[in-house]
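Engineer: Handing you a structure now.
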Amino acid sequence: MEAVRNNSERDSPELLIRGLVRKLSHHALWDVVLVFLPPLAAIFYCLSYLFLKAWISPLVALVAGIAALVIGTLAIIIRYRPKIPSIRSAASLIDDRAGAKDRFLTLATLPSSKANSSMFSRLRVEAAGLQSRIAIRREFPYRINRHMYVSLVVSVAVALLFQILLPLAHSKLRPQPAHVRLRELAEQMAMRPRLHETGLSLQALAAKLEEPKLPRQEKQILAQEEHKKIAAQMKKDTQKQDRELLSQAAGTLQELEQQSGDGERKKDQDGGGGGIQSNLPQKGKQQGNEGGGGGGESKGELNAQLNDDMQQGKLAQGNTKEQDRENNAGGKNSSQENQREPSKPGKDKNQERTGRSEGGKDEGVGRSKASDEIPEGSPPVERFYKPGEGESQGIKGAGYVTVQLPEELAPEGKGGGNKRDSKGRKAPSSQVSVSNVPLPKHLPDAPSEKQQMPLEYRGIIR
Amino acid sequence: MAMDSEKFLETFKRIEAQISRVIVGHDDAIRKVLIAFFAGGHVLLEGVPGLGKTLLVKAFSTTIGMSFKRIQFTPDLMPSDIVGTEVLTEESGQREFRFKKGPIFAHVVLADEINRATPKTQSAVLEAMEEKQVTVFGESHSLESPFMVMATQNPIELEGTYPLPEAQLDRFFFKLLITPPTPVELREILKRTTGAESSEATPVLRENGAAEINEMNTLLRQVLIAPPIEDYVVRLVYATQPSAHNGAAAPASVKNYLRFGSSPRGAQSVILGAKGNALADGRVHVSYEDVENVIYPSLRHRIILNFQAEAENVTADQIIAEVIRQVPRS
């Protein structure tokens, strides 16, 4: 009897409905879990990635992981609760599948106490008869919700983007030092047969640049030299990849040069900037200061020295001391000849220079005098220091002028100096000695100087 | 022997079969007439002349074996012609007023062409239909039970007709539309009516049929209906209200074409009709299908169309269909 009752209870439509509710609840839970699982996994992946890259500390990773887990769990609970199927909806589902015409719905929702007992019994019997049409496992299998696929795809995409974009963003936000990049480039170049030597050279340079004791000026010079080499090789090399590597190396070297230059400029700014320094007494120094305005002009002319055209076809106004001496000694230079106008055949070169200097005093008196005037007085031998006497070299009792370039034109001035050097080297200083002769006396009432006509226009404008 | 659903179904099927012997086609109308009868309601039959409305009522009354009266409504019909009046009678030398019952005093009353009578006369049946009693000269007279008014009306005769007021329309349980027969049905009609043999309906119920019908009425009310289905009926009826407070729930067609929605009697009619339909289907519980089956005859005369609907030839059935579409089952 008991067994029969148990059997009837087991087969009762109410149990079938409750069983379906349980199964659908599990389905709903799986649906929600599967939707939230991929994002959680993606978050954990990103956190572990950040942690492995040492971009976040273990504590931050742990806290973020726990927070993600808690938020995910809450989201699952919040999403799951409304998805729990009601008895009513489960009964309706059974009715639909079994074609029961709302028998299960009525049984599940109608209180038996309020119903006609005979009718209710009959309804239960009818529903139990229809129960055989329903096999919950067969009729209600679990199917993965399409939202899960969307969630999975989006999560994977986000994780991939994270992995791809984060290092890029990191390198943008925190760029590697130039010497590190140079080292990497050098390694890459060393692996290429055509660039092997250049790569080794760059590696050596990078090693030198990393030495903290090496002065900035030296670093700059080294970078410049290497830059030149690479520029020359770029012209030769035709392979695209090699050229790319070379251009990257050139860019990095340029950056290094700029960095060294910046450091030097900073130093200069700290020291007071450009101007003319002199060892003359206060009076002479005053003259030197007056010529300070011409310091820029001097620089410009120094730049002009670097111009091949100027060197070849035009007057090398700011030529080296040796060249000046050579010119003063009477050696006629072809370029000077070219500059000499045919209408003034008898005009002396020195005279011409003197006249020009007089007309253009604002360009820098000291420089003009140094290049044009021959010191008078004692013979040259006596005018120079002898070995072991006082200064190691130079003119006895002579003042000198040191032009300190303003910081903005310093690199150009230095660049110009390279061309002047026969060995391809240049003193790493922004102080370019222009003259070692005394500055002319300052005449407060001297007539104002006229602007000298540019050499380029002399033949055109009269 | 107590009435049960099987016996109900058997009786129902027998009556249905007997009526079908006389009436060709109109199976749904016959079924709905029986449902309304066992639910204790009244039926308004609407159709063009000659479709068998009156014949249907006669066959029905014959089948159930109850008293039957027919009232032909005309413009000069007086209320007293329906409910009856006090007449002076002389009996054994004594004169006294006695109430002479009108034709309303019957189990089944056929109010033929009810819309041809004046509103005053039409209203004479209001009390009878709702309270199953009539009051004459301050004295109330109960009507026999079961009591059912089956009215017919012609939709195309506008001349000399008085449309039924909404209050009276609301008292009809169902409004059934009698449609023209199909060719097959027409052939069958011709065979039955033009041949030598004529088929007549025979009474199904016994002499104490009134008691049996009352039992059937009681049983019908006990049919099980699930609360979600009751909610569905409520939502359906509520969705026919175009009033502002219900604007959000009402479909657009309700807002555009209805002046008034269904009264609570409409919901009662739907539930009882659904229960009768379930029993007639051999079930003891109401399904959603039952509700949707009876909602048209239950509500079509209870929702009042506005001028725009009439101008655009929008029918009540179209609006009900829209309501069913718009209101979800759960």
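The values are calculated or read from the model by the stated rules, or taken from the named source; none is laboratory data. Remember, predicted model here, so these are calculated numbers, not experimental data. FYI the Cβ positions are ideal-geometry reconstructions off the backbone, even for glycines, and counts take in every protein chain you see.
Engineer: Out of A:ALA61, A:ALA42, A:ALA54, which single residue is in contact (Cβ under 8 Å) with a residue 24 or more places away in the chain and aliphatic (A, V, I, L, M)?
Structural biologist: Numbers: A:ALA61 fails: in contact (Cβ under 8 Å) with a residue 24 or more places away in the chain; A:ALA54 fails: in contact (Cβ under 8 Å) with a residue 24 or more places away in the chain.
Checking each option against the conditions leaves just A:ALA42.
Engineer: Within segment A:235-255, is even one residue at pLDDT below 80, surrounded by 13 or more Cβ atoms within 10 Å (Cβ to Cβ) and not charged (D, E, K, R)?
Structural biologist: No: zero hits.
Engineer: Okay, next question. Just need a number here: residues in segment A:114-136 that are more than 14 Å from chain B (Cβ to nearest Cβ), free of Cβ contacts under 8 Å to residues at least 12 places away in the same chain and in a helix (DSSP H, G or I).
Structural biologist: Here the count works out to 0.
Engineer: For segment A:66-87, which residues satisfy the criterion of being away from chain B (no Cβ under 14 Å) and among the polar types (S, T, N, Q)?
Structural biologist: Here is the first cut: in segment A:66-87, the ones away from chain B (no Cβ under 14 Å) are A:66-84.
A:THR73, the sole residue that qualifies.
Engineer: Okay, next question. Name the one entry in A:VAL21, A:VAL33 that is assigned by TED's automatic domain parsing to the domain that holds A:SER132, modelled with pLDDT of 90 or more and over 30 Å from A:SER155 (Cα atoms). Lay out the reasoning, then the answer.
Structural biologist: Details: A:VAL33 fails: over 30 Å from A:SER155 (Cα atoms).
From the options A:VAL21, A:VAL33, the qualifying one is A:VAL21.
Engineer: For segment A:88-110, give me each residue that is among the basic types (Lys, Arg), at the interface with another protein chain (Cβ under 7 Å from one of its Cβ atoms) and not in a loop (DSSP other than H, G, I, E, B). Quick ask: steps written out before the conclusion?
Structural biologist: Kept after step one, since they are among the basic types (Lys, Arg), are these residues of segment A:88-110: A:88, A:97, A:101, A:103.
Then drop every residue that is not at the interface with another protein chain (Cβ under 7 Å from one of its Cβ atoms), which leaves A:88, A:101, A:103.
Once the filter is applied, which keeps residues that are among the basic types (Lys, Arg), at the interface with another protein chain (Cβ under 7 Å from one of its Cβ atoms) and not in a loop (DSSP other than H, G, I, E, B), segment A:88-110 yields A:ARG88, A:ARG103.
Engineer: Kindly indicate whether A:LEU152 is more than 13 Å from the chain's Cα centre (by Cα), closer than 30 Å to A:SER247 by Cα and in contact (Cβ under 8 Å) with a residue 60 or more places away in the chain.
Structural biologist: Numbers: more than 13 Å from the chain's Cα centre (by Cα): yes; closer than 30 Å to A:SER247 by Cα: no; in contact (Cβ under 8 Å) with a residue 60 or more places away in the chain: yes.
Considered against the rule, which asks whether it is more than 13 Å from the chain's Cα centre (by Cα), closer than 30 Å to A:SER247 by Cα and in contact (Cβ under 8 Å) with a residue 60 or more places away in the chain, A:LEU152 comes out as no.
Engineer: Checking B:SER140 against (1) surrounded by 14 or more Cβ atoms within 10 Å (Cβ to Cβ); (2) in the same structural domain as B:GLU46 (by TED's automatic domain parsing), which test does it fail?
Structural biologist: So the condition that B:SER140 fails would be (1).
Engineer: Would you say B:THR135 is in contact with a strand residue (DSSP E or B) (Cβ under 8 Å, 6 or more places away or on another chain), part of a strand (DSSP E or B), surrounded by fewer than 19 Cβ atoms within 10 Å (Cβ to Cβ) and in the same structural domain as B:LEU55 (by TED's automatic domain parsing)?
Structural biologist: On the way: in contact with a strand residue (DSSP E or B) (Cβ under 8 Å, 6 or more places away or on another chain): yes; part of a strand (DSSP E or B): yes; surrounded by fewer than 19 Cβ atoms within 10 Å (Cβ to Cβ): yes; in the same structural domain as B:LEU55 (by TED's automatic domain parsing): yes.
So B:THR135 passes the test.
Engineer: Only residues that are touching a residue at least 24 places away in the same chain (Cβ under 8 Å), within 29 Å of A:SER86 (Cβ to Cβ) and within 14 Å of chain A (Cβ to nearest Cβ): list them for segment B:192-248, please. Show your work before the answer.
Structural biologist: At the first step, the residues of segment B:192-248 found to be touching a residue at least 24 places away in the same chain (Cβ under 8 Å) are B:192, B:199-207, B:209-210, B:212-221, B:223-226, B:228-230, B:232-237, B:239-240.
Now restrict to residues that are within 29 Å of A:SER86 (Cβ to Cβ): B:221, B:223-226, B:228-230, B:232-237, B:239-240.
Matches in segment B:192-248: B:ARG221, B:VAL223, B:LEU224, B:ILE225, B:ALA226, B:PRO228, B:ILE229, B:GLU230, B:TYR232, B:VAL233.
Engineer: In addition: If you check A:ILE77 against the conditions, is it loosely packed, with under 13 Cβ neighbours inside 10 Å, assigned to a helix (DSSP H, G or I) and in the same structural domain as A:SER121 (by TED's automatic domain parsing)?
Structural biologist: Taking the combined requirement at face value, the residue satisfies it.
Engineer: A:HIS170 versus (1) surrounded by 15 or more Cβ atoms within 10 Å (Cβ to Cβ); (2) touching a residue at least 40 places away in the same chain (Cβ under 8 Å): which is the lone unmet condition?
Structural biologist: So A:HIS170 meets the others, but not (1).
Engineer: Consider B:LYS255 carefully, then state whether it is part of a helix (DSSP H, G or I), of a type in the set (Lys, Arg) and more than 14 Å from chain A (Cβ to nearest Cβ). Spell out how you get there, then give the answer.
Structural biologist: Numbers: part of a helix (DSSP H, G or I): yes; of a type in the set (Lys, Arg): yes; more than 14 Å from chain A (Cβ to nearest Cβ): yes.
Yes.
Engineer: Would you mind stating whether A:VAL32 is touching a Lys or Arg at 6+ places or on another chain (Cβ under 6 Å), more than 14 Å from chain B (Cβ to nearest Cβ) and either over 25 Å from A:HIS147 (Cα atoms) or in a helix (DSSP H, G or I) (or both)?
Structural biologist: Yes; evaluated as a whole, the condition is true for this residue.
Engineer: Among the strands (runs of 3 or more DSSP E) confined wholly to segment B:59-104, which include 3 or more residues that are of a type in the set (D, E, K, R)? Full working, then the answer.
Structural biologist: Details: elements: B:68-72, B:84-91, B:94-101.
The qualifying strands (runs of 3 or more DSSP E) are B:84-91, B:94-101.
Engineer: If you don't mind, there's one more thing I want to ask. Tell me, which residue of segment B:32-66 that is crowded, with 22+ Cβ neighbours inside 10 Å and of a type in the set (Lys, Arg) is nearest to B:ALA274 (Cα to Cα)?
Structural biologist: Looking at the filtered set, the residue picked out is B:LYS32.
Engineer: If you don't mind, another one. For residues that are assigned to a helix (DSSP H, G or I) and of a type in the set (Val, Ile, Thr), scanning just segment B:196-252, find the one that is nearest to B:GLN308 (Cα to Cα). Full working, then the answer.
Structural biologist: Step one: of segment B:196-252, the residues assigned to a helix (DSSP H, G or I) are B:209-221, B:227-238, B:244-246, B:252.
If we keep only those that are of a type in the set (Val, Ile, Thr) too, we end up with B:213, B:218, B:229, B:233-234, B:237.
On the way: B:ILE213: 43, B:THR218: 42, B:ILE229: 33, B:VAL233: 27, B:VAL234: 26, B:VAL237: 21 Å.
Here the residue is B:VAL237.
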